[in-house]
Amino acid sequence: MCGIVGFINSQQQKETVIEAMMERIVHRGPNSAGKYVDDQIALGFRRLSVVDLEGGSQPIYNEDRSKVIIFNGEIYNYQRLRDELIQRGHLFTTNSDTEVLLHGYEEWGVDLLQKIRGMFAFAIWDIEKQELFGARDHFGIKPYYYAEMNGTLMFGSEIKSFLPHPDFNKALNTQALKPYLTFQYSPLNGETFFKGVHRLQEGHYFTYKDGKMTIKEYWDADFRQKENLSEKEWVDKIDATVQESIAIHKNADVEVGSFLSSGVDSSYVASILRPEHTFSIGFDDKTYNEAIEARKLTETLGLNNVAAIINGEMSFKAFPLIQYHLDEPDANPSCVPLYFLSNLAAQYVRVVQSGEGADELFAGYNAYGLHTNSKVIRVVAQGLRKLPKGVRYTIGRSLGKMKNFQGRMHLYAATAPAREYFIGHAEIFSETEASSFVTPAFQDAPSIAEIVGPHFDKADQFAHEEVNKMQYLDVHQWMPKDILLKADKLTMASSLESRVPLLDIEMMKLAQSIPTKYLINQNNTKDVFRQASNRHLPEAWANREKLGFPVPIKAWLREDLGYKQVKALFEMDFVREFFDQDKIIQLVEDHHNGTADLQRKIWAVYSFLTWYKVFFIDEEIPKAETIVYDTL
């Protein structure tokens, strides 16, 4: 696990610039550094040593030094590919997966991407052809950004690494704010909150030659082909695949621990991995404590659990640094505990496994169609899903116009076209509300329909069922732009590698072939997945309601500490550039007084303003406080 950065231009004196860019991402790789510089390109690398501790330093060259690579990630099937490449005559100087990518590209070209299993963002410079090739993994587990400015192409793992480059123009993308208020993350298809900085999309590769960037897709989810297996056969197949994936994701020359919440996904991983250390975080909140619940599981399974409690004061102190590491504003409250959890785990291990991805692959979200606890309504909805599409859509649209009644939303979600109501899981401000809060300069922005529309257009080609269409949208929106982004950035902030065995290309091949009646039905979400986990967990665990990372922001914003801190930021002069200041302050007052529950709206605004202040006003790296944990 590492960080990469590079740039192409014809100017000289690249050494000092690339070193400054590398220094900005030192947290991604504190163990060593390396660079390659010639007349056209500068490549920089920061290393967190996990595999081939002695020989895996980068950049790495091929046999005749005509190609050079920098790579962030892990290739889990690299040993088999290495053997194949040796048989084909390639000579290796290391035991690293990085060198397998380089020789694999020599041997197979772009077809390499159809052979590798892992998480990756890499760049290969062909010195003879003067051509750059780069790729990002299937799901976007590893981040990859690029920008073309003032005759320079910049690329790398984190946007902040571009800041020291003299050709980088730091400017806010005015089209990003309004949709962010709805989605809680930066949802635009390509461009980020920094004007001119783009994400390389998940499942894509690029070539850059003679000043021209060409980007192509090499993989996409495809839910069309379903296998006809029994429920038990699906449970068997899921459990076998999960166990195999966790085993192959364990490959490392250092200890591998695991994150553990009270939910089924991380619990499933921990119960199979059975690591030396599991890690949990809870809050000093009386309503619910994840760490206490996780401790109960580890005691049952006989595992060692390291758990700590954090509070509001610690969280607000760390929040500017959290937003700095994220590169773009993210109002997902789970960013806070994830930052502390990563910091805690990094005191013991360099690598952890976690449970991201299972909800998207196996339909684990209630928003996919589980909106009631009534068994009767669930059974009726399951029957309605079997109706012909035209009839089903007619019923759904009629339900959408009716006054609310018990079970209406559940029946509506079971029958209506997904594109007419589903945008993901975190709708904070409605589109109309968002428009009413931002100033005129930020009104011109893509609509929700324009953002999700292209994904639904493709989903219509790759999925026949509405649940699968929602999954498809999440695979390309919610997962890479929120869930995976915060997982990567906030673990790497503490120089910790996070691996996601439930989000693997082999897991995806299995999941997309399962008929949806076995995933979401009258029993539960991700039903057969839960049944598989039940073979390794206490029975009560597999059927637990999904909680995410419960964060007590509602209480914080009603207490003096949170109320005063947030209000002070909302009252600053620069805020008027973005928001109707009176309206956002009224949100804080109404919530503080208990007249409304507005914590998510307040947190979305607070997250953006904190991020903007860090990058555009303070323009310095927030100070990292020494964290003293109250352990369980």
With the 8 Å Cα cutoff and a minimum separation of six or more residues, the range 366-476 has a relative contact order in percent of 26 percent
Per DSSP, the loop-located GluC sites (Glu not before Pro) within the range 189-251 having at most 15 other beta carbons within 10 Å are Glu227
Along the dipole axis of the range 166-310 (charges at Cβ: +1 for Lys and Arg, -1 for Asp and Glu; origin at the Cα centre), the most positive-end residue among Asn173, Pro275, Val235 is Asn173
For the range 553-623, the count of lysine pairs 8 or more apart or interchain whose alpha-carbon atoms are under 15 Å apart comes to 8
Cβ density ranking, 10 Å radius, fewest first, applied to Val438, Val628 yields Val628, Val438
The relative contact order of the range 261-396, taking Cα pairs under 8 Å that sit 6 or more residues apart, comes to a percentage of 22 percent
Dimensionless Rg/Rh of the chain, both radii on Cα and Rh by Kirkwood, sits at 0.95
With the 8 Å Cα cutoff and a minimum separation of six or more residues, the chain has a relative contact order in percent of 17 percent
Gyration tensor on Cα atoms of the range 280-359, a ≥ b ≥ c root eigenvalues, a/c under 1.5 rounded, else prolate if a/b beats b/c, else oblate, says prolate
Note to self, the chain gives a 222 nm [θ] from helices alone (DSSP H runs n ≥ 4, -39500 (n - 2.57) apiece, / all residues, nearest 500) of -11000 deg cm²/dmol
Using alpha carbon centers only, the range 428-470 is separated from the range 562-597 by a whole-angstrom value of 26 Å
Quick calc, the chain, dipole around Cα centre from Cβ unit charges on Lys, Arg (+) and Asp, Glu (-), nearest 20 debye, gives 1880 debye
The size of the Cβ-based charge dipole (Lys, Arg +1; Asp, Glu -1) of the range 331-423 about the Cα centre, to the nearest 20 debye, is 660 debye
Toy charge model, Lys and Arg Cβ at +1, Asp and Glu Cβ at -1: the range 451-490 dipole around Cα centroid in debye, rounded to 20, equals 240 debye
Taking a ≥ b ≥ c as the square roots of the eigenvalues of the Cα gyration tensor, with a/c under 1.5 meaning rounded and otherwise prolate when a/b exceeds b/c and oblate if not, the range 1-158 is prolate
With label points set 7 Å from each Cα along the Cα-to-Cβ direction at Gln87 and Gln225, the distance between them in nm comes to 2.4 nm
For Lys209, counting only lysines whose alpha-carbon sits under 21 Å away and dropping same-chain residues fewer than eight positions off, the answer is Lys14, Lys35, Lys67, Lys129
Between Asn404 and Gln586, the FRET efficiency computed from the C-beta separation at R0 = 25 Å comes out, to the nearest 0.05, as 0.40
For the range 366-476 (alpha-carbon point model, no solvent) the Debye-based log₁₀ I(q)/I(0) at q = 0.10, 0.14, 0.15, 0.21 Å⁻¹ works out to -0.34, -0.64, -0.72, -1.18
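Here, each number is a calculation from the coordinates, and none is a lab measurement. Small disclaimer: the values here were computed from a predicted structure and weren't measured. As a convention, Cβ positions derive from the backbone with ideal geometry for all residues, glycine included, and neighbour counts pool all protein chains shown.
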